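Below is one structure, written out as structure tokens; the observations come after it.
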Amino acid sequence: MSKITASKYIAEAFKAYGVTHFFYVPVIIPEACKEMQRLGITPIMTHGEKAAAYMADGYARVSHRVGVCGSQTIGGTNLAAGLRDPFLARIPVLAITGGKLPQSRYRLMYQEIDDMPIYQAVTKFNATVENADRLPDLLNTAFRAATTGMPQPVHLELPGIAGMDLGDIDTELEFEPRYGQFPAIRTLAPAEDVAAALRAIGKAKRPIIVAGGGVSASAAGAEIVKLARILSVPVATALNAKGTILDADPLSIGVVGEYSRSCANLAVNEADLIIYVGSLTGGLVTRGWSVPVKSAKVVHIDINPENLGRNYVHTIGVCGDAKTVLLQMIKAAKPGGKPAPRRKWLDRISALKAEWQKDIQPHETSDAVPMRPERLCRDISDVLPKNAIVVGDTGHAGIWMAQNFYSTSNKQTFIRAHGSLGWGFPAAIGAKCAAPDRPVVCFTGDGGFYYHMAEMETAMRYGINVICVINNNDSLNQEQGVWAGTTEFDKNWRFHSVDFTAVANAMGCLGIKIDRPRDVRPALKEAFKADRPVIIEAKTDWRIAAEPSWGPPGLPGLYPPPPGLKKK
């Protein structure tokens, strides 16, 4: 046992667990920040607590390590708001905040409320460190909780406004680095459950795999493709598993659910067995449990037993880490020999895919001015480097990412907001911190960019050279149908025109404005060569709404288009 300051202990723990960046709004654990820098960890001071949480989220998704963020007491509720997205997406983020002292409780301390109930709703583990002796066990528990089982955010409240009121600790610097990355432990499924799943797949005439976010978390893309080939089963993906299989692969049918391609929804609707892998089978990936319908037969592979059969009664549950279970299935499937290809079913998949591509092609090649968003997305996708990271916002940006971005290399990574508009740009900054040698492209709208545009200065200050493409239609045009038939409410969804490139240039970034389709690719090529953050403002047609999801007649999705919404 040796005496060490709490600040040094925190920094040493972060180093041991593989943390390379700490995203925060001052003042929180400032002495620990100094210790971090001495150990090669970079503190990133942001302009907002929610943005700091989003950066930690993007960092975690790309690095597969725990993203760490922090805030002093008064910013604690703002930081908690930023944990909603990683909580829903099942991403391990550690939030550290300042908090209460025994001598100030119940005395109306300045800036202080009880934040713990707020964090309870958006964390897997939520604890108060009341004295220095408890820091080692609670900090290590937080890392273990964040990265085992189903990953999720965790929170530690340290005493004092800035979390500084901890003294020295008598402890050894003993850590378990395996809990700094996820999945920290890869669990096997019972052999009998694997066998039952394979029997069901073998009997099915029209099976389909749906890869969920757990596939991305488990880095199981190669295994899912290998199993799909062995069993001759097509693959759809959730939006947060986009890139699991290349779009050009004959077995790939695209993104399914609410943010989707119609061909994927049609395929899942026609399937007689759906094999969910690492999916929560929640409302988005199932289009409000209408694709497939609730009576569908399902094989469900997930690391959390509580998820198995939650939303579909006719479920064969297989509990275990996605990558590990897929390897078990690959091994078990081989002795029986490769099954005869389901030629009729695979031909149907090919036809659905070709029909969708034929329908979307005129929009993706349109030379119209103002630009169509589909053309903008397709051109971005076509010039992406093989190792690019794409960060998509929610709403229409998420739908266009699902429909009009294409995965062309298994070295590409796609991550997206789990519902928090404005998440994209700060998450892209975090992603770039995790992978500084890879190009990072954020795709968002002007409505999303407004949330955290101040973080352009953060990116510039730290030399975090992200590229952000703003689909600027001077509106929240997803809401246009709500106010259809009126003019007095146009200000509720139409924006005053703002020159984002001028703002970007004023902050030291490179701002590029494009108005014509032919300018998209040259602008991106210039951006990839730039040695600073780049904001590309693409002016698009406000009248164009994203294509609503396909669903069975009479079964509306989560977000049916309001009356008056113009699709084309």
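The values are calculated or read from the model by the stated rules, or taken from the named source; none is laboratory data. Remember, it's a predicted structure, so these values are computed and weren't measured experimentally. Note that we place each Cβ from the backbone using ideal geometry, even for glycine, and neighbour counts take in every protein chain shown.
Taken together, the criteria place GLY254 among residues that are out of contact with any strand residue (DSSP E or B) (no Cβ under 6 Å at 6 or more places or on another chain) and in a strand (DSSP E or B).
Pick from the stretch 65-103 the residues that are in contact (Cβ under 8 Å) with a residue 60 or more places away in the chain and in a loop (DSSP other than H, G, I, E, B): which of them is nearest to GLY48 (Cα to Cα)? Result: GLN72.
In this structure, does TYR106 turn out to be of a type outside the set (Asp, Glu), in contact (Cβ under 8 Å) with a residue 12 or more places away in the chain and either more than 25 Å from GLU12 (Cα to Cα) or assigned by TED's automatic domain parsing to the domain that holds CYS319 (or both)? Criteria not met by TYR106.
Of the residues making up the stretch 360-381, those that are in a helix (DSSP H, G or I), out of contact with any Asp or Glu (no Cβ under 7 Å at 6 or more places or on another chain), under 20 Å from PRO548 (Cα atoms) and touching a residue at least 40 places away in the same chain (Cβ under 8 Å) are PRO373, LEU376, CYS377. No other residue among HIS496, HIS396, HIS452, HIS418 is surrounded by fewer than 19 Cβ atoms within 10 Å (Cβ to Cβ) and either at pLDDT 95 or above or of a type outside the set (Phe, Trp, Tyr) (or both) apart from HIS496.
Might you check whether a residue that is crowded, with 21+ Cβ neighbours inside 10 Å, in contact (Cβ under 8 Å) with a residue 40 or more places away in the chain and more than 20 Å from ILE44 (Cα to Cα) occurs anywhere in the stretch 462-470? Yes, the stretch 462-470 contains at least one residue that is crowded, with 21+ Cβ neighbours inside 10 Å, in contact (Cβ under 8 Å) with a residue 40 or more places away in the chain and more than 20 Å from ILE44 (Cα to Cα). Of the residues making up the stretch 260-281, none is without any contact (Cβ under 8 Å) to a residue 40 or more places away in the chain, of a type in the set (S, T, N, Q), in the same structural domain as LEU239 (by TED's automatic domain parsing) and touching a Leu at 6+ places or on another chain (Cβ under 9 Å).
Any residue in the stretch 126-141 that is within 23 Å of the chain's Cα centre (by Cα) and in the same structural domain as ALA13 (by TED's automatic domain parsing)? Before you say what the answer is, go through the steps one by one.
Of all residues in the stretch 126-141, those within 23 Å of the chain's Cα centre (by Cα) come to 126.
Now drop any that are not in the same structural domain as ALA13 (by TED's automatic domain parsing), which leaves 126.
Looking through the stretch 126-141, at least one residue is within 23 Å of the chain's Cα centre (by Cα) and in the same structural domain as ALA13 (by TED's automatic domain parsing).
The lone criterion from (1) outside the structural domain of ALA454 (by TED's automatic domain parsing); (2) within 30 Å of ALA523 (Cβ to Cβ); (3) not charged (D, E, K, R) left unmet by ALA332 is number (2).
So which of ALA502, ALA527, ALA546 ends up being out of contact with any His (no Cβ under 7 Å at 6 or more places or on another chain), outside the structural domain of GLY288 (by TED's automatic domain parsing) and buried (at least 21 other Cβ atoms within 10 Å of the Cβ)? If you could, list the steps in order and put the result at the bottom.
On the way: ALA502 fails: buried (at least 21 other Cβ atoms within 10 Å of the Cβ); ALA546 fails: out of contact with any His (no Cβ under 7 Å at 6 or more places or on another chain).
Of the residues listed, the single one that is out of contact with any His (no Cβ under 7 Å at 6 or more places or on another chain), outside the structural domain of GLY288 (by TED's automatic domain parsing) and buried (at least 21 other Cβ atoms within 10 Å of the Cβ) is ALA527.
For the stretch 383-398, the criterion of being among the acidic types (Asp, Glu), in contact with a strand residue (DSSP E or B) (Cβ under 7 Å, 6 or more places away or on another chain) and either assigned to a helix (DSSP H, G or I) or touching a residue at least 40 places away in the same chain (Cβ under 8 Å) (or both) is satisfied by at least one residue. In the set ASP446, ASP437, only one residue is farther than 18 Å from ASP393 by Cα and either buried (at least 24 other Cβ atoms within 10 Å of the Cβ) or at pLDDT 95 or above (or both); that residue is ASP437.
Only one residue in TYR54, TYR119, TYR106 is outside any strand (DSSP E or B), crowded, with 23+ Cβ neighbours inside 10 Å and out of contact with any Pro (no Cβ under 8 Å at 6 or more places or on another chain), so which one is that?
Working: TYR54 fails: out of contact with any Pro (no Cβ under 8 Å at 6 or more places or on another chain); TYR106 fails: crowded, with 23+ Cβ neighbours inside 10 Å.
Exactly one residue qualifies, and that residue is TYR119.
Note on the stretch 282-334: residues that are in a helix (DSSP H, G or I) and acidic (Asp, Glu) amount to 1.
Among THR458, THR408, which is the only one that is in a loop (DSSP other than H, G, I, E, B) and in contact with a Ser or Thr (Cβ under 8 Å, 6 or more places away or on another chain)? I'd like the intermediate steps shown before the answer.
Values: THR458 fails: in a loop (DSSP other than H, G, I, E, B).
Exactly one residue qualifies, and that residue is THR408.
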